[in-house]
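The block underneath contains the structure these notes are about, expressed in structure tokens.
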Amino acid sequence: MNIVITGGSGLLAGRLAKSLSNKHNISLVSRKNIKNKFSEKSLKTFIYRSVGDLKNLLKNQDIVILAGGPNHNDSANKSIVDIYTDEIKEIISFINKDLVQKLIFLSSIRSVSESFSGNINENTPAKPSSPYGQMKALVENIVLNCEKSEKMKRVVLRITNGYGFPAHNKSQCWDLVVMNVCRQAINKGNIKINSSGENFKDFLPINAIVSAISDITSLNLSTNEVFNISSGNSQKVIDFILYVKGLIEKRLSLSIPLSIGKPSLGLNTDKYRIDNSKLTHYGCDIAVNHEQEINSLIDYCVNNKEK
């Protein structure tokens, strides 16, 4: 299949493009220069300044995956969000007139809420409280309802707290907790977190996310769908940090000091479950292997250690 992936400089898009290129022809687009960052023959990169630059590229694609968009900080800027949502509408307008079979939007579970308890499935009422979650919810609505086409199926994937090594050094991912912890340990020989880590998160390795998305590209869907992509198990952030710390210490034969901050207000301090049974019902297996992904992240940080 021919697949276009946006957000080429991002953590997930880069890993996804490399993986899918084993079976498909991938066009990875970005505003940043990511040329020469990939060696795969079936993976081509494109730089664009406006959606108009992508008009010819979007023709005769089988799948379009929307993996780009404003980050946590930029999502608070209305003008940035307005430009982004206009681009999404323009892309949909282009591909509705062509032969695209499937449009996949990589959203976030934060489009539903910032604070969870109990079991959360795809029908849980959405009450996003942060600008980032609100932006994701807005784009979900655009993707599912804007300029409907009988032929093209739309898929929204609500992804939990993904982590892992980036495909290239253009990826701005090091403020995410697991990556930040690993980088601190390798570069500084210590770890400092600003909160107490008593809040809960559902951590999910990038390799599991990529595998699930790969399965979804081949699904024969009769309707538009929303899926949760999760491990199905939340755990305290501090417990996961200690797990990462232990793997680093074992691999590098080090003792790494850990400094913990004060409790923060508004964080999710209840255990919860992001239900992924709808996705697994479709035959998509979410195989979680934290040790494998963390060891690959350690390797990346060691090989790219700051001097």
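The values are calculated or read from the model by the stated rules, or taken from the named source; none is laboratory data. Since the model is a prediction, treat every value here as computed from it, not as a measurement. As a convention, Cβ positions derive from the backbone with ideal geometry for all residues, glycine included, and neighbour counts pool all protein chains shown. The protein model used for the area step is the full one, side chains on, heavy atoms only, and it has no ligands, DNA or RNA in it. Shrake-Rupley method; radii C 1.70, N 1.55, O 1.52, S 1.80 Å.
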Would you mind finding the one in Asn199, Asn207, Asn224 that is surrounded by 15 or more Cβ atoms within 10 Å (Cβ to Cβ) and touching an Asp or Glu at 6+ places or on another chain (Cβ under 6 Å)? Asn207
Residue in the stretch 19-37 that is open to solvent by less than 30 Å² (accessible area, probe 1.4 Å), hydrophobic (A, V, I, L, M, F, W, C) and assigned to a loop (DSSP other than H, G, I, E, B) present: yes
For the stretch 228-307, which helices (runs of 4 or more DSSP H) that fit wholly inside it have 3 or more residues that are open to solvent by 60 Å² or more (accessible area, probe 1.4 Å) and under 25 Å from Arg15 (Cβ atoms)? 237-252, 290-303
When the stretch 1-10 is examined, which residues are found to be modelled with pLDDT under 95, crowded, with 24+ Cβ neighbours inside 10 Å and within 17 Å of Ser214 (Cα to Cα)? Gly8
Looking only at residues that are in a loop (DSSP other than H, G, I, E, B) and not hydrophobic (A, V, I, L, M, F, W, C) in the stretch 88-119, which one is most open to solvent (accessible area, probe 1.4 Å)? Lys97
Total residues in the stretch 116-140, condition under 19 Å from the mean Cα position of the chain (by Cα) and not hydrophobic (A, V, I, L, M, F, W, C): 10
Show the residue pairs meeting these rules: Cβ distance below 6 Å; 6+ apart or different chains; first residue within the stretch 46-60 and farther than 19 Å from Ala17 by Cβ and open to solvent by 50 Å² or more (accessible area, probe 1.4 Å); second residue modelled with pLDDT of 90 or more and assigned to a loop (DSSP other than H, G, I, E, B). none
Give just the number: which of (1) of a type outside the set (Ser, Thr, Tyr); (2) modelled with pLDDT under 95; (3) assigned to a helix (DSSP H, G or I); (4) within 22 Å of Lys136 (Cβ to Cβ) does Asp82 not satisfy? (2)
When (1) open to solvent by 10 Å² or more (accessible area, probe 1.4 Å); (2) in contact with a His (Cβ under 7 Å, 6 or more places away or on another chain); (3) closer than 29 Å to Lys201 by Cα are applied to Asp74, the one that fails is (2)
Do we find that Asn220 is touching a residue at least 24 places away in the same chain (Cβ under 8 Å) and not small (Gly, Ala, Ser) in this structure? no
Counting only residues in the stretch 253-276 that are under 28 Å from Val210 (Cα atoms) and of a type in the set (A, V, I, L, M, F, W, C), the one farthest from the chain's Cα centre (by Cα) is identified as Leu267
Could you identify the single residue in Gly68, Gly14, Gly8 that is in a helix (DSSP H, G or I) and under 22 Å from Ile229 (Cα atoms)? Gly14
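Residue by residue through the stretch 161-196, note down the ones that are within 20 Å of Asn121 (Cα to Cα) and surrounded by fewer than 22 Cβ atoms within 10 Å (Cβ to Cβ).
Keep residues of the stretch 161-196 that are within 20 Å of Asn121 (Cα to Cα), which gives 161-162.
The one that is within 20 Å of Asn121 (Cα to Cα) and surrounded by fewer than 22 Cβ atoms within 10 Å (Cβ to Cβ): Asn161.
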When you scan the stretch 50-75, how many residues do you find that are closer than 22 Å to Ser218 by Cβ and of a type in the set (Gly, Ala, Ser)? 1
Looking for something on the phi > 0 side of the Ramachandran plot and not acidic (Asp, Glu) - is there at least one such residue anywhere in the stretch 37-44? no
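What's the total number of residues in the stretch 263-307 that are in contact (Cβ under 8 Å) with a residue 12 or more places away in the chain and within 24 Å of Ile248 (Cα to Cα)? Write out each step before concluding.
The initial filter retains those residues of the stretch 263-307 that are in contact (Cβ under 8 Å) with a residue 12 or more places away in the chain, namely 263-264, 266-279, 282-302, 304-306.
Next cut, within 24 Å of Ile248 (Cα to Cα) only: 287-302, 304-306.
Residues in the stretch 263-307 being in contact (Cβ under 8 Å) with a residue 12 or more places away in the chain and within 24 Å of Ile248 (Cα to Cα): 19 in total.
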